Structures are given as C-alpha cells and as structure tokens.
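The values are calculated or read from the model by the stated rules, or taken from the named source; none is laboratory data. Quantities reported herein were computed from a predicted structural model and do not represent experimental measurements. Because the Cβ atoms are built from the backbone with ideal geometry, glycine has one as well, and the counts that use them run over all protein chains shown.
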Amino acid sequence: MSVLAKPMPIVELLTADNHKLLINVRRESTTLLVDDKLSLSYDREGRLIGAWQDGRNYRRSLDNRVLEKQEGTQPGLAHRVRRELPADEARAWLEKIYALAAQSAELLAAPSTRVTNAATPADLTLARDAFARILSCDWQRLVRDRETFHWIYRPVHILPPDQYLALVLQATEGCSHNHCAFCGFYRDRKFHIKSLAEFRQHIRDVRAFFGGAIGLRKSIFLADANALVMPQEQLVPLFDAINQEFVIPPCGVRDDALRAWQAEHPIHFDGVFSFVDAFTTRRKTAREFADLCQRGLRRVYVGLETGDPELLRFLGKPNTPNDVVQLVDHIKAGGVAVGIIVLAGAGGEKYAAQHVRHTVATLNQMPLDERDLIYFSELVDFPGSDYSALARDANIRPLRVAEIEHQMTQMRAGLYFPDLMRAPKISYYDIREFLY
Ligand code: SF4
C-alpha cells in the first residue's frame with residue numbers, strides 16, 4: 001500500500017555516555033539508527049523487517065527466516081556473500097536484535113538522555129509508541145506469527161525483485177505445469193484454483209495477519225506460479241474482489257494525471273502483478289488482458305528462459321520462444337506491461353552460444369518499452385533437480401559464475417531498442433536473495 005510521503009518525526013538523542021540514537025517513525029515503518037553503526041527497520045506491527053550491522057545486511061521473512069548478505073571484496077557475482085542463517089542462529093540473532101531495541105527504549109526513557117534536534121513532545125510520544133509496538137514482538141509472538149503465516153499461506157518461494165514488497169494473494173496454489181527441469185518451487189504442492197469464496201476469505205485472513213503492517217506493501221502480487229491460467233470468467237470476479245478491498249489507480253493513468261490521482265488517494269496499491277506462462281496463457285486475447293488492466297493488472301512476468309527452441313525443450317518448457325513473443329504482443333496490446341525473465345547459464349557450455357544468439361533475437365522481436373523489465377536470472381541448480389540429471393546425462397559442463405556474467409553482458413550488448421529513452425530496464429535477478 002503506497003502512502004504518500006509527508007514529513008515524519010525524526011528524534012535524535014544523545015545519551016549520558018555519548019551514544020547516538022536516531023528514531024525515524026513513519027506511518028508504515030520505524031527505523032532505529034544506533035551510533036551510525038547499527039540500523040534496524042520494523043513494520044507498523046513492530047516486526048523486524050531488516051537490519052544493517054557491521055557492513056552486513058539482514059532480512060527477516062514473515063516466518064522468521066533470516067538472510068544475511070554482504071558485498072564481496074571485489075565487484076561481481078562470484079564475490080557476493082549470502083547465506084540463510086540456520087534456524088537456531090536465526091532465533092539467537094532475532095532475540096539479540098530485539099534486546100538491542102529494548103536497550104534503545106531504555107535510553108529514550110532515561111532522564112539523562114538529551115534530545116539533540118527539534119523533536120517535539122508529540123514526536124517523542126510517537127517514538128515511545130513505536131517502541132511499545134516493537135517490544136510487543138518477543139520471540140513467542142514471532143513464533144505465533146509464523147504459525148499464522150503458515151496457516152494462511154502456502155510457502156511463497158519466489159517473487160520478481162521489483163515485487164519483494166508486494167502483498168501476496170494466493171489465488172492459486174502451485175503450478176499447473178510443474179515439470180520444468182530447473183524449477184523446484186512448487187513440487188511441494190498440488191495445483192489448486194481457489195473459489196471466489198475461498199479467495200475472499202484468504203484476503204480477510206491476509207488483512208488480519210498484516211494489520212497495520214499492510215502499509216509497507218506497495219503492490220498486490222497474485223500468486224502462485226501462474227494465477228492468470230484460470231479461465232477469464234473465473235479470474236474477473238477475483239479481480240473484482242481485489243478492487244472491492246483495495247484502492248488501485250485507474251488503468252492508463254500516468255505521469256501528472258497519476259500524481260494528481262495519488263494526491264486524492266494517499267493510501268493505495270500501485271496495481272496487481274502476476275506471473276504467467278506462455279503455454280496455457282497464450283490463448284488469452286489482448287481484449288482479455290485489457291479487461292484485467294481495467295481491473296488493476298499492471299505487469300505480468302513471463303519466463304522466456306531462452307530464445308533457443310532446442311534449449312527450451314531441454315529445459316522441459318512446453319512452449320516455443322515464438323509463443324512468448326505472441327503472448328507479449330497480446331499483453332502489451334491490452335495495456336499491461338511485461339517483465340521478461342531470461343535464465344542465464346541455462347544449458348551450460350554446450351548451449352551457451354545458441355542461447356545468447358536466439359535469446360537476443362527473440363527479445364529484439366518484442367515491443368518492449370520503458371514500462372517493461374528484462375531480468376537475467378542465474379540458473380540455480382538445486383540438489384536432486386531434473387536439470388542436474390539431464391545435464392549430467394548430456395555431459396554438460398555448467399558455466400562458471402564469471403562465464404554467466406559474460407553471457408549476460410553478451411546478451412545485453414545484442415539488444416536493440418529503437419528509442420533508448422524508452423528502453424526497458426534490465427537487471428539481475430538472484431532467486432537465492434528472496435525471502436517473503
Ligand atoms: S518455471 Fe514456471 S511453469 Fe515451469 S514449473 Fe516452475 S513455476 Fe511452473
């Protein structure tokens with residue numbers, strides 16, 4: 001839910017023993033900065049979102065997993081450091097972080113602590129209220145939250161990077177295909193389309209779970225893998241249910257008109273976003289996408305993976321690259337933007353040259369513009385995957401990280417956009433850096 005920015009109180013404190021504490025209370029989150037060395041961010045319910053400590057970034061998922069990331073000593077993917085903390089370590093780390101917040105609350109209350117900026121008594125009250133919310137989240141509360149989260153949601157394994165702060169609504173569970181050799185995201189569940197009644201209840205449960213923290217969520221992501229696969233007559237009522245619950249800007253409103261609309265609707269979501277596949281959804285027409293656009297659909301993410309038909313077959317995708325081009329045409333003609341995902345490193349050394357050549361040619365056929373995205377997602381071969389076995393049988397040497405980086409550079413170099421001012425954004429997508 002986007003909340004238009006307005007000045008929010010920042011309280012700067014100096015303790016008797018010269019510790020600096022900065023408290024920034026926003027409507028959707030609270031940030032604490034301790035001695036310019038430790039930064040902690042909390043949602044409106046007081047749940048930790050993330051932290052920065054000793055040059056490392058930490059992100060907490062809604063079910064209390066913690067991902068640690070650090071820039072490498074040199075630029076480049078090979079040097080990035082990332083790891084998910086084991087459950088015991090994550091618990092110990094979370095308890096330590098909440099203890100630090102409790103110490104900060106004591107500093108705020110200490111008579112010897114001085115306010116060193118123009119914070120008003122009302123600002124101090126807001127800061128105390130924020131600490132009360134944070135300190136209500138002890139480990140027992142976080143465990144209860146995790147259980148509630150798992151009761152409402154099937155595991156949310158993946159979102160596109162620009163949607164990490166989305167409010168996920170699971171209209172479907174799983175993937176209707178579930179056989180791509182490189183993908184293990186939905187092997188743990190059967191494909192299921194929710195009825196309208198189930199979906200309405202899901203929205204109520206999600207709203208209750210997020211509470212005030214819903215303000216941190218900017219958009220709505222309709223999950224799981226391919227929610228748009230359902231027939232249009234089933235999909236439209238789900239979109240209508242979303243519109244009855246949430247405020248979304250009208251279709252086609254952009255730039256100054258969008259800013260004016262946002263000023264009139266300070267609390268809103270940017271739109272509905274979703275993954276689509278190119279084998280079941282390719283029959284959706286531009287008219288159908290236009291109807292969904294009218295109901296808030298703003299961008300869909302399509303796994304092209306590769307423009308090479310031979311490699312695509314090897315990966316277990318039951319469509320051709322041309323199906324993706326055709327689907328993108330329909331989506332764009334319906335007024336909806338696209339995010340195209342390319343699987344960097346797929347097919348290893350054996351397919352490298354044809355992967356680059358055909359992917360560039362396929363992307364260059366698409367009418368992409370500044371509202372669209374191209375993601376290069378590094379192939380991550382999970383243990384025991386179908387891809388591992390296939391690659392082993394075909395004697396394929398996987399590309400090293402530096403070679404994958406080179407492949408992405410080659411693909412980028414081959415892309416052609418007639419108007420560079422209106423070119424899509426291109427970025428890297430690392431599925432290992434996702435937590436919800
Ligand atoms: S890549 Fe997409 S279509 Fe293929 S199995 Fe995974 S979720 Fe399903």
| request: Please find, among V342, V328, V324, the residue that is in a helix (DSSP H, G or I), closer than 22 Å to V380 by Cβ and in the same structural domain as Q201 (by TED's automatic domain parsing). | output: V324
| task | Hey, can you tell me all the residues within the range 127-151 that are within 11 Å of F209 (Cα to Cα), hydrophobic (A, V, I, L, M, F, W, C) and surrounded by fewer than 18 Cβ atoms within 10 Å (Cβ to Cβ)? | result | W151
| request: May I ask you to verify whether R392 is modelled with pLDDT under 95 and either outside any loop (DSSP other than H, G, I, E, B) or not assigned by TED's automatic domain parsing to the domain that holds A181 (or both)? | output: yes
| query | Residues E89, E106, E95, E173: which one is of a type in the set (D, E) and assigned by TED's automatic domain parsing to the domain that holds V338? | reply | E173
| field | Residue list for the range 184-201, restricted to those being within 15 Å of the ligand (Cβ to nearest atom) and either in contact (Cβ under 8 Å) with a residue 40 or more places away in the chain or polar (S, T, N, Q) (or both) | value | G184, F185, I193
| request: For L311, indicate whether it is within 16 Å of the ligand (Cβ to nearest atom), of a type outside the set (G, A, S) and in a helix (DSSP H, G or I). | output: yes
| field | Residue selected from the range 376-435 under the condition farther than 26 Å from H79 by Cα and touching a strand residue (DSSP E or B) at 6+ places or on another chain (Cβ under 8 Å), by the criterion surrounded by the most Cβ atoms within 10 Å (Cβ to Cβ) | value | P424
| said: I'd like to check something: does the range 202-217 contain any residue that is buried (at least 21 other Cβ atoms within 10 Å of the Cβ), away from the ligand (no atom under 16 Å from the Cβ) and part of a loop (DSSP other than H, G, I, E, B)? | reply: yes
| remark: Over the range 177-201, the set of residues of a type in the set (A, V, I, L, M), assigned to a helix (DSSP H, G or I) and within 22 Å of A166 (Cα to Cα) is L196
| message | Just to be sure before I move on: is A122 farther than 23 Å from L435 by Cβ and hydrophobic (A, V, I, L, M, F, W, C) in the structure I sent? | response | yes
| message | I'd like the full set of residues that are away from the ligand (no atom under 13 Å from the Cβ), buried (at least 21 other Cβ atoms within 10 Å of the Cβ) and not β-branched (V, I, T), limited to the range 272-283. | response | F273
| Looking at the range 348-370, is at least one residue within 14 Å of the ligand (Cβ to nearest atom) and either among the hydrophobic types (A, V, I, L, M, F, W, C) or in contact (Cβ under 8 Å) with a residue 40 or more places away in the chain (or both)? | no
| message | With the structure loaded, tell me whether I158 is in a loop (DSSP other than H, G, I, E, B) and in contact (Cβ under 8 Å) with a residue 60 or more places away in the chain or whether it fails that test. | response | yes
| field | Subset of the range 169-197 that is surrounded by fewer than 13 Cβ atoms within 10 Å (Cβ to Cβ) and at pLDDT 95 or above - its residue that is farthest from N226 (Cα to Cα) | value | A197
| note | Among the residues of the range 261-290, the number that are polar (S, T, N, Q) and more than 16 Å from L327 (Cα to Cα) is 1
| field | Lone qualifier among L343, L327, L363 - being modelled with pLDDT of 95 or more, under 18 Å from Y387 (Cα atoms) and buried (at least 24 other Cβ atoms within 10 Å of the Cβ) | value | L343
